[in-house]
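Notes follow the structure.
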Amino acid sequence: MTKARTQRMWAVLVAFEAILALGLLAVTLRAQQTDRAKEIGGKLLCGVGTPKCDCKQILTQCNHVGCPNSAGMLKTLDAGVAAGDPEATIVQRFVAEFGTAVLSEPPRSGLNLVAWYLPSVTLFGGALLVIFVISRWRKRPTMVPAGPAAGSGISPELLARARAQAARETQD
């Protein structure tokens with residue numbers, strides 16, 4: 001083999017390895033974009049605010065066969081991710097087009113804070129109420145039961161006669 005031929009072989013081998021490395025890099029970047037798109041798409045609902053379909057499923061998990069909305073929405077999402085736009089910009093683009101109903105969870109601002117905090121406040125308040133009621137029940141004075149005829153105004157003879165009659169009637 002000549003020196004020139006060996007150099008050409010090495011050049012071809014290095015070029016081939018460079019192409020493989022770029023291909024692997026592209027696959028890795030695409031996988032990262034796909035993961036990012038899935039993460040952002042998990043915060044959006046499919047088909048909200050459109051008359052065609054109102055499936056209201058998570059965008060990246062929409063299993064509605066023939067959904068006319070998911071393909072276009074996913075394409076917009078992928079374009080934003082491929083352009084390297086921040087998540088907030090991509091989400092705002094969807095909110096501008098479809099309104100806040102496209103969000104899978106209410107934003108944590110304004111009146112929507114009630115939706116975030118009311119369940120925990122209610123649970124905490126209910127627990128306090130239960131603790132208060134139980135403590136009040138435990139502090140009540142205990143009632144000492146009186147004799148059988150003491151509080152009822154029935155004479156002991158009448159009570160004995162009623163018990164004897166009940167015993168006779170239940171023997172049969």
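The numbers here are math on the coordinates, done by the rules we state, and not lab data. Since this is a predicted model, take the numbers as computed values, not measurements. Cβ: placed from backbone, ideal geometry, glycine included. Neighbour counts: every protein chain shown.
Residue-wise HN-Hα couplings along the stretch 112-124, as the Karplus relation 6.51 cos²θ - 1.76 cosθ + 1.60 with θ = phi - 60° gives them from phi, are 5, 4, 4, 5, 7, 9, 4, x, 6, 5, 5, 4, 5 Hz; Gly and Pro carry x. How far is the Cα center of the stretch 53-87 from the Cα center of the stretch 112-132, in Å? The stretch 53-87 and the stretch 112-132 have Cα centres spaced 36 Å from each other. Between T89 and L129, the simple spin-label model (points 7 angstrom out along Cα→Cβ) gives 4.9 nm.
Partner lysines whose Cα lies under 22 Å from the Cα of K38, excluding those fewer than 8 positions away in the same chain, are identified as K56, K75. Using R₀ = 45 Å, calculate the FRET efficiency as 1/(1 + (r/R₀)^6) where r is the Cβ-Cβ separation of V12 and E97; round to 0.05. E between V12 and E97, to the nearest 0.05, is 0.35. Distances between placed amide hydrogens fall under 5 Å for Q57 paired with C46, all partners being 5 or more residues away or on another chain.
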